Structure formats: C-alpha cells, structure tokens
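Undergrad: Please find one structure pasted underneath; my questions will follow.
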Amino acid sequence: MKKSMIKITWLVIVLLGSVTMKGQTVLTHLAKDGYKGIFVLTGDHIPKVNSALTGYTIERRAVDEKEFRLVTTLNAVTSVDEFREKANASVHLLPYNTSTSRFRLDSIWKKSRIKQSLLDLGAVAHTLPVLAGLNMIWVDSNVQEGKSYTYRVTGIGERYQVVSIPVVYTTNDTLAGLLFERGMYNQPQQRMELYWTTAGKDKPVFIEAYRSENNGDFRKIDAVVSVLPVKDTLQYLVTDTTAKKGGLYEYYVKGYDEFGNAGRNSATQAVAALDYVQMMLPEMVRSAPDSLSKGIRISWELKDASYIKMLSLYRSTNSVDGFRQVAVLSVDSKEYVDEEVQPATPYFYYFEAEYKTQSRPKRSTAFAASFSDSTAPANPSGLVATVTKEGIRIDWEYAPANTRGFWLYRSERGAPLQLVSKLISSDSSSPLYSFTDTDSLLSGGRYYQYALKAYSTSHIESGFSDTVVARPMKNTPVPRSPMKVTVTSSDDKVFVFWDDVSAYDRDVAGYLLLRSKRNPGTKGAFTTDTITCSSNMYTDSLSEADGLVRYSVITQSVFGTASVASGWFSLHTNPIRPVPPSSVRVNPVKTGIHLNWEPVANPGPSKYNIYRYERGAQPVKAGTVTGEESVYIDGQVTKGKHYFYFIRTVTATGAESERSNEAGINF
C-alpha cells in the first residue's frame, strides 16, 4: 500500500511551544502516546560520534514517583547500515503495513553527517523512519494505560536538557473523524475514485481502505491513497484499481496518526463501478388522467433499483424551468398519482435519481401530461351588490378548487342576462372576490340585475348564481318639466291642469305644485306654498281670496331627482262675498240701543261687524261680535239723537259681506 508523503509538524511545534518552569525548559510536545506506548523525542540536534553531542539519555518519572530514573540511552548512530537498520525496524512500531522504500536513506544519511539540525534536512527529517534511524526517538512500551508520565531528555557531552509535560497513556480514539464526500467510477481509467475529508486538531496521516463486494465480508484492499490539503482540512483520495466494472461495492476507511494511533472507522458507503451514463433511470414511462382521483397517474419500470438511494419526481407547468419536487418515491414503487394538479393544464415531469454509488444525481428526459374534469363547477352564491361612485361593485365568496375564473352577466328590467365582463381570474390565495361594473352606459335611472357563472380549468361553466339588483348613482336622469300648464276659475274654485309627463316618462313619481299669493296691501310681495300632486291636475278653493294668484309645476322622479319649474301662470280672483245677516232690528234699552238679527247659516261667519251712522255722516264701526252671536247693545249713544244701523258678515279671511238691511231709531 502506498501512502502520500505527509509532513509531521509536531517537532517544529515542540521548538515553538517551549516554556521555562523552575529553571527547566519544558517542551509541550516532547512526548506523545502512540500505538505501542509513549513516543519520546530527543530534540532538534543530531548526535554524532566524536562531536560535542554524542547521544541522549531519557529519564522517566511516573505520577506516583518523586524522582526521575534513567530508562534508556540513545547513542549516536555510527554507520549508514545501522541507520538503515533502525529506519526499517521503525515500521514495526505502527499497526499498519508500510515501507521505507520510498525514502532515499543513503542520501539522508550523508546529509545528516554535514548538518547539525533536523531542520536542515527538510521535511523528510520529521518522519518516523528518519527519526528512528538517527536514534532520536524512543518508544516507552513499559507504561500503564491511564497513568501519567513525565520525561526528561539530557544531551550527552553537551549542556542540553528538556522536560516534557505529563503524558497520560491511553488507547482511546482521539483522531478527527473521516467523512465521505463523493465517489465515482472512472470509466476511461477503469478505477474507483473515492474521496473522504477530515477537519480538526489531530488529522490522520495514513489511511487503510476496506471493501465489501456483493454484500460479502469487508476486506482490506491495496488502494492508492493521496492526501490533498484544502485550507484547514485534508482530503483523502482513495483509488481502487481492482474494482470490476458493473460491480456494487461498499467501502469504509480507517485513519492513523504518525504514531499509529487509530481513529474510528468511517461510515460505510455504497458505490457502483458504473459510468454516470450507465446509471439506471425509470423506463417505459406512461402518464394518463385518473378520473377517480382527479389527478394524473404516472407509471414506469425500473430494471435495477439496487443502485438507487432515492428517486424523486419533479413537476412544472413550463418545459424549461420552474420544476419543483412533488414526491419522493420508493425505489420499489412503479406508479404515482399526482392529485395536486389543475384540470386542463399542461404539466411537465422528470425523474431524478440519487445513487448509492454516485455523488451526482441524474435526471430523466421530461415528459408531458394533463388532466381534464368534466364535472361542472359549483354555482357561485352569496352575491352582494354595492353602489359606489365608480359604478356597481359585486362581491362574492367562492372556495371550490380547479376554477379558472368567473363571468359576470347583467340585465335590465327583465331582459335576458348578457355577458358584460372579461374572464375574472380566480385567486387560490383567497376565497373572496370583487368586481366593479364601471360601464359608461350605466344609468342612474335604471335598475340592473347581476348574476355570475364559474368557469373551471377544464373549460366548463357552472349554472347562474342567484341574482342581485342595484341602481347606480351616476347618470341619474332628470325628468322633463310639465308643459301646457293652464289655470282657470269657476265660482270660488281655481282649476290647474298640465301635461302628464308620466305618459312618456315611466320614472315619474309625481308633481310639486307651487302656489304663490300676493300679500294683501302690496303690489309685489308674494307668499308661496308647495302642494304635492299625484296626478296632472289640482283644484284650488280660493273663495276667500281676492287678488293675484300664480302657479308653477315641477316633475318629480322615482330616483329623487326633479325637473326645473315650469313658468308661472297667474289668475286674478274675484270670489263671491259672504251673505249679510237679515232682519236687523233695533230697540231702545236703559243701557243703550239693543240690536238683533237673523244669523247667516252657511257658510258660518267668523264674526259680525256692526256699523252706526247719523244722517249726513259716515258710518263707523260700533262693535264686533263672534259668528255665534246675533245680538249687540250699543252703549255709545246719546239721548235725543236719531241713529241708523247695518251689519256685515266677516269671513275667516277678513272678507266682508254687503250691508244688511238698515234699521233706524230715535233714542
């Protein structure tokens, strides 16, 4: 088995990690536990015969001992043969098979004769065979597991002495773990290439590879291992040239450090000796709509699933991109029903296989499928119509899936429903929908009925929803003003007629008649009141009026709008005066002159005015009584005079009748 050259850097660390304690130099990495005991290094200076430094003594003190005691003496190597012998013997200090054949031992020996320090020999000096060959490392195999030891190294012939920190001998695993990264079969070179990585403080410097074929026992193989430093990690390339094409193998590796300490076995990894192009994928793929599940049923054949770790199905509505995983399939399955699809929608699928034997997944060719549902969608319901400034807003709620959108229909006054919208798209994120009809032809003088139909992704319409009715606020019509207004009078009544606008405008609700009377005693002041009329005529009783009366008419619609007023049409009224009382009689009494008369029966007067005069003089009002009275005593008279009396009936409006008959008396 070949091993790439790995630089053992812990000797350099010894020199950099020295401290002085109680007058002694302590090297933190002078001693290190290993496979067959505790490895003790001597230092950096190469001992030589007939030089100042001819060797080293190594003393040990256990944790339960007070003094150091000599355990070995390492003398300088005297010949190249001795150097070669010791170097070759060092391979037995490690648990794995290795060889010194890759070392140029003769050249290393010659350099050591003219150099004083291991650092002058380069990286090769820091390997176990060279250190053992120069007698500068020793293994203390007489140690107990779990017990602590301290070592002191002293130079022979030179003032040099260093002490180690206490070292506990243990056989527990302390190496960094090995993680499988990838594996592939190199078809052109017909070999298996496997990569493991490790990170941490104590990384393996030697790798053993074990392989199982066709679920058989694991056996160590003669693999070529290359070590590639990558930043703060190491990558190990294990090359198996004995793997047969088409075979299915399982591998694990075991790592060792430079002292033979073994790490844990890596996880087992299955790899096939097949080229990527040869890796199996589902064949004989078929797709068909499944009416029972309302989905797409996909079936396939897979000749050999033993190489496949995971099989996934991906889907998109685009043949180029947008694919997402819809299912992780069992390698033993042969069909799958995709129920998360929309009817009448084209879909594209492909399989992706992850292999036990390959780090790179493989995709199949994409294939197309679709599903159609002949079931009519549910009718929309719960419609609500709201009048806005923009028009009429229709709100509804609709939750069924597989809906492409909705059609909005409108009608006017019982006419057939007509389509008035483009397709209103459905929204899977919310069941609430809204659409505003902003048609410029909408009239505020009309009531409109609305209904909806749902439209499925299979291009099938539902029935109509329930209808809702609304009238917009815009473009509300104003009714026409009445025409041909005429005003006539007869007896004590005034008759006002005008054109019936409702005969040609069905939205007329009625009329407002404006009546304006001139205030008594004025020429231009009028008092106007409003009269509501349901028809195109009005009879006005003005028996008490006397003077100018004028009329104007306004048309009202059912929508609350009104026309402009028609012109004013005037009439001079001369109503019949009330009837005066009759049979006026006068008699003298002690207190004055007593008058009585026959009261007016119909219409009843409001009051009576009594007038008195003397011959040759103007009549004066002597008094007033209510309409229920028919007697009066005039106390404002003088004896010896002759008086004449007459009475006038007064209506509630103040109109007076003609004079009654006169009655005279000498008082």
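The values are calculated or read from the model by the stated rules, or taken from the named source; none is laboratory data. Nothing here was measured: the structure is a model prediction, and the numbers come from that model. All Cβ positions, glycine included, derive from the backbone under ideal geometry; neighbour counts span all protein chains shown.
Undergrad: Spot the failing condition for VAL496; the list is (1) in contact (Cβ under 8 Å) with a residue 24 or more places away in the chain; (2) assigned to a loop (DSSP other than H, G, I, E, B); (3) out of contact with any Lys or Arg (no Cβ under 7 Å at 6 or more places or on another chain), and only one is missed.
TA: Only one criterion is unmet by VAL496, namely (2).
Undergrad: Which number in (1) in contact (Cβ under 8 Å) with a residue 40 or more places away in the chain; (2) surrounded by fewer than 17 Cβ atoms within 10 Å (Cβ to Cβ); (3) farther than 25 Å from TYR96 by Cα marks the one condition that TYR56 misses?
TA: Condition (2) is where TYR56 drops out.
Undergrad: Only residues that are touching a Gly at 6+ places or on another chain (Cβ under 8 Å) and assigned to a strand (DSSP E or B): list them for the stretch 209-233, please.
TA: Correct list: GLU213 only.
Every residue, every condition in (1) surrounded by fewer than 21 Cβ atoms within 10 Å (Cβ to Cβ); (2) among the hydrophobic types (A, V, I, L, M, F, W, C), yes or no:
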{"position": "ARG60", "(1), (2)": "no, no"}
{"position": "ARG69", "(1), (2)": "yes, no"}
{"position": "ASN75", "(1), (2)": "yes, no"}
{"position": "LEU93", "(1), (2)": "yes, yes"}
{"position": "ALA123", "(1), (2)": "yes, yes"}
{"position": "THR127", "(1), (2)": "no, no"}
{"position": "ASP140", "(1), (2)": "no, no"}
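Undergrad: Right, something else. Within the stretch 198-220, how many residues turn out to be surrounded by 20 or more Cβ atoms within 10 Å (Cβ to Cβ) and either in contact with a Cys (Cβ under 7 Å, 6 or more places away or on another chain) or not hydroxyl-bearing (Ser, Thr, Tyr) (or both)?
TA: Selection size over the stretch 198-220: 8.
Undergrad: In the stretch 268-289, which residues are assigned to a strand (DSSP E or B) and small (Gly, Ala, Ser)?
TA: Listed by number, the residues that qualify are ALA270, ALA272, SER287, ALA288.
Undergrad: In the stretch 103-150, what count of residues is obtained for those that are touching a residue at least 60 places away in the same chain (Cβ under 8 Å) and either in a loop (DSSP other than H, G, I, E, B) or among the hydroxyl-bearing types (Ser, Thr, Tyr) (or both)?
TA: Qualifying residue count for the region: 15.
Undergrad: Check the stretch 8-22 and report whether any residue there is part of a loop (DSSP other than H, G, I, E, B), at pLDDT below 90 and among the charged types (D, E, K, R).
TA: Yes, the stretch 8-22 has at least one match.
Undergrad: Among the residues of the stretch 442-451, write down those that are assigned to a loop (DSSP other than H, G, I, E, B) and touching a Gly at 6+ places or on another chain (Cβ under 9 Å).
TA: LEU442
Undergrad: Identify the single condition in (1) under 25 Å from GLY263 (Cα atoms); (2) touching a Ser or Thr at 6+ places or on another chain (Cβ under 7 Å); (3) among the hydrophobic types (A, V, I, L, M, F, W, C) that LEU175 does not satisfy, given that it satisfies every other one.
TA: Going through the list (1) under 25 Å from GLY263 (Cα atoms); (2) touching a Ser or Thr at 6+ places or on another chain (Cβ under 7 Å); (3) among the hydrophobic types (A, V, I, L, M, F, W, C), LEU175 breaks only (2).
Per-residue answers, yes or no, for (1) without any contact (Cβ under 8 Å) to a residue 40 or more places away in the chain; (2) in a loop (DSSP other than H, G, I, E, B):
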site	(1), (2)
ILE296	no, no
TRP300	no, no
ALA305	yes, yes
LYS309	no, no
LEU313	yes, no
GLY322	yes, yes
ALA327	yes, no
ASP332	yes, yes
GLU340	no, yes
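Undergrad: Still on this structure: Please verify whether GLU258 is more than 14 Å from SER364 (Cβ to Cβ), surrounded by fewer than 19 Cβ atoms within 10 Å (Cβ to Cβ), in contact (Cβ under 8 Å) with a residue 12 or more places away in the chain and not assigned by TED's automatic domain parsing to the domain that holds THR457, treating the condition exactly as stated.
TA: no
Undergrad: On to the next question. Pick from the stretch 572-598 the residues that are over 13 Å from PHE646 (Cα atoms), polar (S, T, N, Q) and at pLDDT 90 or above: which of them is farthest from the chain's Cα centre (by Cα)?
TA: Step by step, filter the stretch 572-598, then rank; the result is ASN587.
Undergrad: To continue, here is another question. Considering only the stretch 523-548, state which residues are at pLDDT below 90 and either hydrophobic (A, V, I, L, M, F, W, C) or not in a strand (DSSP E or B) (or both).
TA: Across the stretch 523-548, the qualifying residues are LYS523, GLY524, ALA525, PHE526, LEU542, SER543, GLU544, ALA545, ASP546, LEU548.
Undergrad: Continuing with this model, one more query. Quickly run through the stretch 77-86 and pick out the residues that are of a type outside the set (Phe, Trp, Tyr), in contact with a Phe, Trp or Tyr (Cβ under 9 Å, 6 or more places away or on another chain) and either buried (at least 18 other Cβ atoms within 10 Å of the Cβ) or not in a loop (DSSP other than H, G, I, E, B) (or both).
TA: VAL77, VAL80, ARG84 - these are the residues of the stretch 77-86 that are of a type outside the set (Phe, Trp, Tyr), in contact with a Phe, Trp or Tyr (Cβ under 9 Å, 6 or more places away or on another chain) and either buried (at least 18 other Cβ atoms within 10 Å of the Cβ) or not in a loop (DSSP other than H, G, I, E, B) (or both).
Undergrad: Is it the case that the stretch 310-332 has a residue that's outside the structural domain of VAL253 (by TED's automatic domain parsing), of a type in the set (Gly, Ala, Ser), surrounded by 13 or more Cβ atoms within 10 Å (Cβ to Cβ) and within 30 Å of ASN186 (Cβ to Cβ)?
TA: Scanning the stretch 310-332 turns up at least one residue that is outside the structural domain of VAL253 (by TED's automatic domain parsing), of a type in the set (Gly, Ala, Ser), surrounded by 13 or more Cβ atoms within 10 Å (Cβ to Cβ) and within 30 Å of ASN186 (Cβ to Cβ).
Undergrad: Given the condition exposed (fewer than 15 other Cβ atoms within 10 Å of the Cβ) and of a type in the set (Val, Ile, Thr), answer yes or no: does some residue in the stretch 96-107 qualify?
TA: No: zero hits.
Undergrad: If you don't mind, another one. What's the number of the condition ILE633 fails, among (1) over 30 Å from ASN519 (Cβ atoms); (2) surrounded by 12 or more Cβ atoms within 10 Å (Cβ to Cβ); (3) touching a Phe, Trp or Tyr at 6+ places or on another chain (Cβ under 8 Å)?
TA: Failing condition for ILE633: (3).
Undergrad: It is to be established whether one or more residues within the stretch 284-305 are surrounded by 13 or more Cβ atoms within 10 Å (Cβ to Cβ), outside the structural domain of LYS201 (by TED's automatic domain parsing) and under 29 Å from LEU194 (Cβ atoms).
TA: yes
Undergrad: So, in the stretch 47-69, of the ones that are part of a loop (DSSP other than H, G, I, E, B) and in contact with a strand residue (DSSP E or B) (Cβ under 7 Å, 6 or more places away or on another chain), which residue ends up nearest to GLY263 (Cα to Cα)?
TA: The selected residue is VAL63.
Undergrad: When the stretch 456-473 is examined, which residues are found to be of a type outside the set (A, V, I, L, M) and part of a loop (DSSP other than H, G, I, E, B)?
TA: THR457, SER458, HIS459, SER462, GLY463, PHE464, SER465, ASP466, THR467, ARG471, PRO472
Undergrad: Checking the conditions here, which among TYR236, TYR251, TYR195 is touching a Gly at 6+ places or on another chain (Cβ under 9 Å), surrounded by fewer than 19 Cβ atoms within 10 Å (Cβ to Cβ) and part of a strand (DSSP E or B)?
TA: Checking each option against the conditions leaves just TYR195.
Undergrad: Continuing with the same structure: Among what's in the stretch 457-480 and is in contact with a strand residue (DSSP E or B) (Cβ under 6 Å, 6 or more places away or on another chain) and small (Gly, Ala, Ser), pick the residue that is nearest to SER552 (Cα to Cα).
TA: ALA470
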